[in-house]
Structures are given as structure tokens and as C-alpha cells.
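Notes follow the structure.
The values are calculated or read from the model by the stated rules, or taken from the named source; none is laboratory data. These numbers were taken from a predicted model, which means no experiment stands behind them. With ideal geometry, Cβ positions are generated from the backbone for all residues, glycine too; neighbour counts draw on all protein chains shown. These area figures cover heavy atoms from the full protein model, side chains too; ligands, DNA and RNA do not enter into them. Shrake-Rupley method; radii C 1.70, N 1.55, O 1.52, S 1.80 Å.
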Amino acid sequence: MSSPTPDALLGPADIRELAGTLGVRPTKQRGQNFVIDANTVRRIVRTADVRPDDIAVEVGPGLGSLTLALLEVADRVIAVEIDDVLAGALPSTIAARMPDRAERFTLVHSDAMRVSELPGPAPTALVANLPYNVAVPVLLHMLETFPTIERTLVMVQAEVADRLAAAPGSKVYGVPSVKANWYADVKRAGSIGRNVFWPAPNVDSGLVSLVRRAEPLKTTASKQEVFAVVDAAFAQRRKTLRAALAGWAGSAPAAEAALVAAGVSPQARGESLTVEEFARIAENRIAGNAENAENKESAQP
């Protein structure tokens, strides 16, 4: 791999010049804040543990700050960009600043939430500065759609980072925490100050590392069935699970039966449960439904 030129990465002046040439102003609608510090993007790539044989996918590359840092290290980089102007300009930026690596870059001009396949070899790493307003759904969609992604590092709003990495019992533990943990071991991987962005956001940012589980969660319930329990439990998070899951199970007694069979107290609340416990509850509702169906059948004359 040839080493890139020292000034290949984008600095503050480069970012503003590029944006000015393209007539781009970061929009709140898409949660755009461009990273203007080369040391920060290199730190993100290091923290992400990107390796020379990785096929890295990036969501929302913007003007290309992180893209160029990924190209310094990864074997290939696939960038998914929804913005017409940014998508149109990025290949030229890569070709101008890192010509020796340009053939290893692929642009996918699309909404990341609608991407179902990517060109070339399967991705092994996901590294992205995710727009705050769509961070969790985009992350979960990518993890679900591309099971070959082993390592993920996302930069998100600090509050979102805390929620994703929260452990059971934490006040901020909730739906994002459980669903992310279905796929991966999740942890906070650092903080990012506001001054490395243009424009500077009104919130701090955090890095979240997700390392995919070596083995999928062992459960007879489907992901959809487990996630339905999670959604129901946190829709009314102040209620006990017996009450919160009544609609999901069909009645409060049915919810209690599933909980007891799963070894979970009906008086517990969703914020105290692990993803494994949610899976057991889902399994026992399925088992309960099957048993009820058998009873009805045997009761018929």
C-alpha cells in the first residue's frame, strides 16, 4: 500500500473552500456537521481498529474528511451519501487528494436506510459520523443488513452514545441499548469536542464501539419477536412488566405467565432486563400461544 501525501487529509481551510465551491451550507435537517480536524479523523480510524484488509463502509461521508482517513488504512472504502451535491463531488475530492487510492473508493448515492446491498466485497467494518436525527435507526439497519460487519465505530451525539452503551439498571438504558446489544458488545469509546466540527454543534459528541457477537444470541424467538417485547416494555417504562406487556401478551395474566416462565419477576421493569431475558420472555409467549392453541383444540368435541 502506497503511503498518502502528508496533506492528503482535509483541514479547516480545505473544508470551507470545498463547501464554498459547491455552494454547500450544512443543514440542520440532515444533521450535518463536518469534521475539520485531521487528527480527529485519524483518531477515529485508530479507535475503530480499521485494518489493511478491511472493507470499510461509511455512512454520510459529507465532504470526505473521514473518508480520506479511512482510505489511508483500509483495503477499500464504500461511502453511502444521500445528498446529491455531496455525492457528486466526493469522487473528485478523493481523486485529487489521494490519487493512488482512488480506485479503492466506491460511492453509493442512496439513503442508508434503503440500502440493501453494497458493490464489491462484503463490508467488514462500519465507521461513520452519523447525523444525530437518524443515528440509531441507521446503525441498526446496517448491522441487520450486513452481517459481515464485524467492527463498528460511530460518532453520535453524546446523549445517544450514552444510551447505546448503557447497561441494564442505568437510567438511560432503553430500546437502543437492548437492540444494539442484540447484535454486538457495545461500549463507549471516547468523547469528541465541539470545536472539531463546522459548524460547531450545540452538543458534545461521543464514540461508540460495537463488536459483533461471535455467536448470535441463542434463542428460539426471532429478532422481530424479541424486539416486539423490547418496544412494549419501554413504551410504558414506568409500569411493571406485567402491566407494560399486557397488550403485547393479550392480557396482564398472560404477560405474567410468560414472565414467570422466563424467570423474570412480573414486578420488574424493562430497564433492569438484559437482551437475553427479553429473548426468554419472547420464547415463553410463543410457547404459551402454542399451549393455548393445543388446549383449545383438545377441548373441541
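Dimensions of segment 98-208 along the principal axes, based on C-alpha atoms and rounded to the nearest Å, stand at 46, 34, 22, largest first.
Looking at the chain, how many pairs of lysines come closer than 23 Å at the Cα, when each pair is eight or more places apart or spans two chains? Close lysine pairs under the 23 Å cut-off: 9.
Between Ala243, Ala125, Ala282, find the one with the highest GNM mean-square fluctuation for the chain; connect C-alpha pairs within less than 10 Å. Maximum fluctuation in the GNM of the chain, among the listed residues, is at Ala243. As a fraction of the 1.4 Å probe accessible area of the chain, surface on carbon and sulfur atoms comes out at 51 percent.
Tally Lys/Arg at +1 and Asp/Glu at -1 over every other residue whose Cβ is under 11 Å from the Cβ of His109; what's the total? List each step's numbers first, then the result.
On the way: positive: none; negative: Glu81, Asp83, Asp84, Asp111.
Net local charge, His109 excluded: -4.
Extents of segment 59-160, largest first, come to 36, 26, 23 Å (Cα atoms, principal axes, whole angstrom). Look at (i) -0.42, -1.02, -1.28; (ii) -0.19, -1.03, -1.46; (iii) -0.25, -0.98, -1.29: the one that is log10 I(q)/I(0) by the Debye sum over Cα atoms at q = 0.06, 0.14, 0.17 Å⁻¹ derived from this structure is (iii).
Considering the chain as a Gaussian network with a 10 Å cut-off on Cα pairs, which listed residue, Ala56, Ala235, Ala69, attains the greatest mean-square fluctuation? Maximum among the listed residues: Ala235.
Taking each residue as 0.36 nm, the span from Glu159 to Glu103 lengthens on full extension beyond its C-alpha to C-alpha distance by 16.4 nm.
Distance from the Cα centroid of segment 224-261 to that of segment 191-223 is 27 Å (rounded to whole angstrom).
Please report the antiparallel percentage of DSSP beta bridges with both residues in the chain, rounded to the nearest 5. Intermediate values should be presented prior to the final figure.
On the way: 16 of 33 bridges.
Bridges in the chain are about 50 percent antiparallel.
The GNM of the chain, with springs linking C-alpha atoms under 10 angstrom apart, assigns the highest mean-square fluctuation among Ala268, Ala165, Ala87 to Ala268. Average accessible surface for segment 1-136: 45 Å² per residue, computed with a 1.4 Å probe over protein heavy atoms with every protein chain in place.
The magnitude of the dipole of the chain, with charges of +1 and -1 set on the Cβ of Lys/Arg and Asp/Glu and taken from the Cα centre, is near 840 debye.
Using the Cβ-Cβ distance between Asp84 and Thr274 with R0 set to 45 Å, the FRET efficiency from 1/(1 + (r/R0)^6) comes to roughly 0.55. Relative to the compact-globule estimate of 2.2 N^0.38 Å, the Cα radius of gyration of segment 87-143 comes out at 1.27. In segment 185-265, Rg over Rh equals 1.18, where Rg is the alpha-carbon radius of gyration and Rh the Kirkwood radius from pairwise Cα distances.
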